[in-house]
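Below is one structure, written out as structure tokens; the observations come after it.
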Amino acid sequence: MPRTIDLNADLGEGYPWDLALLGRVTSAGVCCGAHAGDRSTSLRTLRWAEGLGVVVGAHPGYPDRENFGRDERWIDDPAHLAALGDEVHRQVAELRRLAEEAGATLRFVKAHGALYNRAQVSGEVAVPLVTAVADRGLPILGQPGGLVEKLARTMGVPFIAEGFADRRYLPDGRLVPRTEPDAILRDPAEIRAQVLALVDRGIRTLCIHGDDPGSVELADLVLATLNDAGIEPRGFA
């Protein structure tokens with residue numbers, strides 16, 4: 001059997017290259033309108049994805065548009081933390097309604113930004129996130145070895161291990177924070193090596209960040225790397 005891997009992008013956040021990325025990826029986490037985007041942008045993205053045969057999922061994030069959902073201080077407010085499960089429920093439910101309107105079906109959930117990162121290490125965040133996903137009967141994407149994976153397996157939620165083609169990793173497997181100067185890989189040779197290493201580790205999906213102006217070029221580099229290695233891009237769902 002040929003080796004395969006999914007290539008996903010976080011889309012529907014209001015960037016002009018979404019359609020170009022949808023022509024290159026096999027799955028798309030569509031913004032739920034909290035950290036960015038809006039209803040019409042999400043609906044358009046879902047319709048594009050359905051037309052191109054791209055698997056879609058929900059991409060919920062902290063409702064902190066000022067910081068694009070990437071500021072972990074949002075969750076330090078006890079009121080926000082207490083409402084987190086309901087917030088994720090609401091966002092996924094709204095995107096499911098939009099998907100139905102677009103003739104698409106949600107196949108997974110992937111948290112965004114600070115919600116994604118904090119859930120890997122904090123039970124206060126991971127429990128409401130994974131519980132909300134479990135209630136929807138959907139798989140969840142996350143980093144392997146983190147708390148989200150452990151909780152998902154305990155709760156019977158299908159877990160999809162995700163890797164990042166252009167992000168540097170810490171020795172413990174977490175991502176280098178974006179605030180660090182070397183957090184993003186720029187050298188094509190480094191990116192190629194990381195893609196192949198992630199595939200060899202058994203990662204099931206590789207992420208292309210849809211907010212990066214260089215995301216289309218990165219997707220092309222990843223696809224060329226996979227093609228040269230005889231690895232087929234194929235959706236996990």
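The values are calculated or read from the model by the stated rules, or taken from the named source; none is laboratory data. Because the structure is a prediction, the values reported are computed rather than measured. Cβ atoms come from the backbone with ideal geometry, glycine included; neighbour counts cover every protein chain shown.
Take the conditions more than 19 Å from residue 56 (Cβ to Cβ), polar (S, T, N, Q), modelled with pLDDT of 95 or more and crowded, with 16+ Cβ neighbours inside 10 Å and apply them to residue 225. Does it pass? Yes.
Criterion applied to 193, 161, 189 was being of a type in the set (Gly, Ala, Ser), more than 25 Å from residue 108 (Cα to Cα) and either surrounded by 11 or more Cβ atoms within 10 Å (Cβ to Cβ) or in contact with a strand residue (DSSP E or B) (Cβ under 9 Å, 6 or more places away or on another chain) (or both), and the one residue passing it is 193.
Annotation for region 168-189: at least one member residue is in contact with a helix residue (DSSP H, G or I) (Cβ under 9 Å, 6 or more places away or on another chain), in a helix (DSSP H, G or I) and at pLDDT 95 or above. Being β-branched (Val, Ile, Thr), assigned to a loop (DSSP other than H, G, I, E, B) and out of contact with any Lys or Arg (no Cβ under 8 Å at 6 or more places or on another chain) holds for only one residue in 121, 157, 88, and it is 157.
Among the residues of region 5-48, those that are surrounded by 19 or more Cβ atoms within 10 Å (Cβ to Cβ) and of a type in the set (S, T, N, Q) comprise 8, 26, 27, 41, 42, 45. Pick out the one residue from 93, 58, 102 that is modelled with pLDDT of 95 or more, touching a strand residue (DSSP E or B) at 6+ places or on another chain (Cβ under 6 Å) and small (Gly, Ala, Ser). Being modelled with pLDDT of 95 or more, touching a strand residue (DSSP E or B) at 6+ places or on another chain (Cβ under 6 Å) and small (Gly, Ala, Ser) holds for just one of 93, 58, 102, which is 58.
Of the numbered criteria (1) of a type in the set (Gly, Ala, Ser); (2) under 14 Å from the mean Cα position of the chain (by Cα); (3) in a helix (DSSP H, G or I), the one residue 99 fails is (2). Can you work out which of the residues in region 97-134 that are surrounded by fewer than 23 Cβ atoms within 10 Å (Cβ to Cβ) and either of a type in the set (Val, Ile, Thr) or touching a His at 6+ places or on another chain (Cβ under 8 Å) (or both) is farthest from residue 40 (Cα to Cα)? Ranking the qualifying residues of region 97-134, first place goes to 121.
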